[in-house]
Amino acid sequence: MNTNPPEDQYSRNEDLENYFANTIIPQLFIDGDFILRKFTPPAMTHFSLTEADVDRDINEVKDNIRYPTLIENIKEVMATGDILEKEIQTTDGKWYQMNILPYKIRKENKTNGVIITFVEITHRIQNLRELQKLNTEHDTLMYALAHDVRQPISAIILLTDGLREAYKRQDTALFEKWINNLKTSSKTVQSIINDFTEKKEAKSNFTEEEERVNIQNIVNDVTTALKVEIYKENVHITTHFGTTEIKFARNTLRSIVYNLLSNAIKFRDEERGIKIHISTEKIKDYVLLRIQDNGLGIEKEHLEKIFLKDTRFNTHVEGTGMGLYIINRILENNGGKVKVDSTPGEGSVFSVYFRSQYDKEE
């Protein structure tokens, strides 16, 4: 009969010893009594662990890791025997993919501890956020470009008709007048395009084809892109998806959700915690997306103006005043609409109506 204590059994496990000594990934081995038995050398660097932390209760060590629900997550895995995967952010601002795996004693078929693996994904999260910002900026600038060149292009079309008429009449003076006007309008278009390309050199391919898109997945993508703000401001987000699919351009939908959710965080009330509720439902010919917050709210006299171009009422918050204008125009061009209900000091509800096309197709 084996009467050796568990700690001797762990120390004699040469495979585990060699693995923990040579892996390049931060890992912790915590036994069934919540004692930190081993950790890999990278864990010393990432979480400032020392040999003195070995054989200590994980409750005494968790402050080094600086992740608030670590103990609860360990208990969950030990109780269920299931693997837990989670993206976490430590208090130093770094992001990790945390995997908690049950350490099972095969002969006894029981879980007697966990192995926790941390893979740093800070750059991936940052890249995701930058990509989302790039996509939002691209959508904004593309639509602004289309809007701004419409007038001079219309003028050019009219001028070509005038030139044709002047040519028929052999009116040299009128012909020169129209030529000069045409040159002016062409320079206007050139100036707008030059301004656009200076603001943004589009090096990525952006797909704007409509497809069946899952709104819930888009919301998850956006909240991932905004994780730093969500964590920093302790934003509490709840969701209820009564319906999930619409036919819409994926990148454009992501930009709409990103803009509204980002605004809900930016225009927060500093006196209370941020609460945001995201919901969807099917209403007649529309799929309705609502984003409700408890932020600063909008004065009644400003409600009709917030969707106008370059409109800003809170100068203490960064922005161009283009976001809601672009959202409104995009939705109008796709048979949808956006509305807002707001009470100063209580918050706002943005209701986005996407035209449902499934009934016609099916």
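Search the range 220-257 for residues being within 25 Å of GLU270 (Cβ to Cβ) and among the hydrophobic types (A, V, I, L, M, F, W, C), and hand back the single one that is modelled with the lowest pLDDT.
The extreme case among them is VAL228.
Residues of the range 80-97 being hydrophobic (A, V, I, L, M, F, W, C) and at pLDDT below 90, which ones?
ILE88, TRP95 - these are the residues of the range 80-97 that are hydrophobic (A, V, I, L, M, F, W, C) and at pLDDT below 90.
For ILE192, are the conditions met, namely being modelled with pLDDT of 75 or more and part of a helix (DSSP H, G or I)?
no
Could you go through the range 83-102 and let me know if any residue there is farther than 27 Å from LEU128 by Cα and loosely packed, with under 13 Cβ neighbours inside 10 Å.
No, the range 83-102 contains no residue that is farther than 27 Å from LEU128 by Cα and loosely packed, with under 13 Cβ neighbours inside 10 Å.
Just give me the residues in the range 267-287 being surrounded by 19 or more Cβ atoms within 10 Å (Cβ to Cβ) and either of a type in the set (Asp, Glu) or under 20 Å from HIS240 (Cβ atoms) (or both), in sequence order.
Matches in the range 267-287: ILE274, ILE276, ILE278, THR280, VAL287.
Only one of these conditions is not met by LEU145: (1) at pLDDT below 75; (2) in a strand (DSSP E or B); (3) of a type outside the set (Phe, Trp, Tyr). Which number is it?
Single failed check for LEU145: (2).
Could you check LYS86 against (1) under 26 Å from the mean Cα position of the chain (by Cα); (2) touching a residue at least 40 places away in the same chain (Cβ under 8 Å) and say which number it fails?
LYS86 satisfies all of (1) under 26 Å from the mean Cα position of the chain (by Cα); (2) touching a residue at least 40 places away in the same chain (Cβ under 8 Å) except (2).
Scanning for something more than 22 Å from ILE35 (Cα to Cα), charged (D, E, K, R) and not in a strand (DSSP E or B), does the range 76-91 turn up at least one residue?
no
Being closer than 13 Å to ALA79 by Cβ and of a type outside the set (S, T, N, Q) is the filter; apply it to the range 107-121 and report the residue that is surrounded by the fewest Cβ atoms within 10 Å (Cβ to Cβ).
LYS110
Return the residues of the range 216-266 that are aromatic (Phe, Trp, Tyr), crowded, with 23+ Cβ neighbours inside 10 Å and part of a strand (DSSP E or B); say none if nothing qualifies.
Once the filter is applied, which keeps residues that are aromatic (Phe, Trp, Tyr), crowded, with 23+ Cβ neighbours inside 10 Å and part of a strand (DSSP E or B), the range 216-266 yields only PHE248.
The values are calculated or read from the model by the stated rules, or taken from the named source; none is laboratory data. Just so it is clear, the structure is predicted and the values come from calculations on it, not from any experiment. Glycine also receives a Cβ, built like all others from the backbone with ideal geometry; neighbour counts cover every protein chain displayed.
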